[in-house]
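A.B. asks: A single structure is presented below for examination.
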Amino acid sequence: MIAIIDYDAGNIKSVEKALLYLGQEAVVTRDPEKILGARGVILPGVGSFGDAMEKLHSYGLVEVIRKCAAEKIPLLGICLGLQLLFESSEESPGVEGLGILEGKILRIPSGNGLKVPHIGWNDLAFPGEGRLFAGIPQGSYVYFVHSYYLQAADESIVTATTQYGVTIHASVEKENLFACQFHPEKSSESGLRILRNFVSISTQNKK
């Protein structure tokens with residue numbers, strides 16, 4: 001079973017539908033026992049970094065997510081969920097993120113005819129071998145909706161990048177931690193393959 005963390009984020013239902021389409025049992029929950037008892041956990045998200053952290057704190061989910069990471073439960077952050085795994089964001093100065101991974105969340109610079117937020121399909125390059133991207137060729141297109149992007153402190157964890165005025169660290173992997181700035185649940189066949197790969201990784205979890 002895959003637990004999708006419920007903290008009133010915008011794209012929870014679309015993630016659930018994608019998993020159900022793949023034939024995977026999924027539960028949308030904020031129950032710590034269900035989250036920590038799952039084979040894999042997904043932290044989705046659309047919205048403001050500061051508001052999201054406030055909700056995670058109010059629902060008592062901050063320590064639950066950190067415990068998932070510590071107990072090596074496969075954890076996938078999607079879009080805002082990626083950003084929350086890091087220390088802070090320019091979107092919400094003074095607000096601490098989960099701090100599970102190190103890096104900066106920066107605003108996409110405007111100019112050069114590029115619109116912010118970045119909404120649309122971009123191709124991926126794979127600087128490192130990531131388990132999420134098994135069977136997915138270089139140059140595959142995925143769907144982005146965001147105004148802020150990740151600059152990871154340790155580039156060795158970056159498994160996918162894209163270009164939108166700057167180099168965007170589009171996906172990272174470190175041990176049991178995975179995250180995508182784009183939306184796999186909205187990224188057609190490539191996105192479904194990414195989610196299927198995460199499910200496969202999760203089934204190897206001994207829980």
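The values are calculated or read from the model by the stated rules, or taken from the named source; none is laboratory data. Keep in mind that this is a model prediction, so the values were computed, not measured. With ideal geometry, Cβ positions are generated from the backbone for all residues, glycine too; neighbour counts draw on all protein chains shown. With ligands, DNA and RNA removed, areas are computed over all heavy atoms of the protein, side chains included. Shrake-Rupley method; radii C 1.70, N 1.55, O 1.52, S 1.80 Å.
A.B. asks: Which one of these does residue 137 not meet: (1) assigned to a loop (DSSP other than H, G, I, E, B); (2) exposed (fewer than 13 other Cβ atoms within 10 Å of the Cβ); (3) in contact (Cβ under 8 Å) with a residue 12 or more places away in the chain?
C.D. replies: If we test residue 137 against (1) assigned to a loop (DSSP other than H, G, I, E, B); (2) exposed (fewer than 13 other Cβ atoms within 10 Å of the Cβ); (3) in contact (Cβ under 8 Å) with a residue 12 or more places away in the chain, just (3) comes out false.
A.B. asks: Also: Could you tell me how many of the residues in segment 28-50 are within 14 Å of residue 199 (Cβ to Cβ) and open to solvent by less than 40 Å² (accessible area, probe 1.4 Å)?
C.D. replies: Matching residues across segment 28-50 total 4.
A.B. asks: Let me ask something else about it. Select from segment 123-134 the residues that are open to solvent by less than 30 Å² (accessible area, probe 1.4 Å) and either among the aromatic types (Phe, Trp, Tyr) or in a loop (DSSP other than H, G, I, E, B) (or both) and write down the one among them that is nearest to residue 175 (Cα to Cα).
C.D. replies: 130
A.B. asks: Same structure, new question: Regarding segment 196-204, can at least one residue be identified that is under 12 Å from the mean Cα position of the chain (by Cα), under 16 Å from residue 73 (Cα atoms) and not in a loop (DSSP other than H, G, I, E, B)? Full working, then the answer.
C.D. replies: Of all residues in segment 196-204, those under 12 Å from the mean Cα position of the chain (by Cα) come to 198.
Okay, now just the ones that are also under 16 Å from residue 73 (Cα atoms), so 198.
Filter again for not in a loop (DSSP other than H, G, I, E, B), leaving 198.
Yes, segment 196-204 contains at least one residue that is under 12 Å from the mean Cα position of the chain (by Cα), under 16 Å from residue 73 (Cα atoms) and not in a loop (DSSP other than H, G, I, E, B).
A.B. asks: Also, quick follow-up: Of all residues in segment 89-122, which are outside any loop (DSSP other than H, G, I, E, B) and open to solvent by less than 70 Å² (accessible area, probe 1.4 Å)?
C.D. replies: Just the residues of segment 89-122 that are outside any loop (DSSP other than H, G, I, E, B), to begin with: 89, 103-107, 111, 114, 118-122.
Passing the criteria: 89, 103, 105, 106, 111, 114, 118, 120, 122.
A.B. asks: Regarding residue 10, is this residue at pLDDT below 95, part of a loop (DSSP other than H, G, I, E, B) and buried (at least 20 other Cβ atoms within 10 Å of the Cβ)? Walk me through how you get there before you give the answer.
C.D. replies: Details: at pLDDT below 95: yes; part of a loop (DSSP other than H, G, I, E, B): yes; buried (at least 20 other Cβ atoms within 10 Å of the Cβ): no.
So residue 10 does not fit the description; no.
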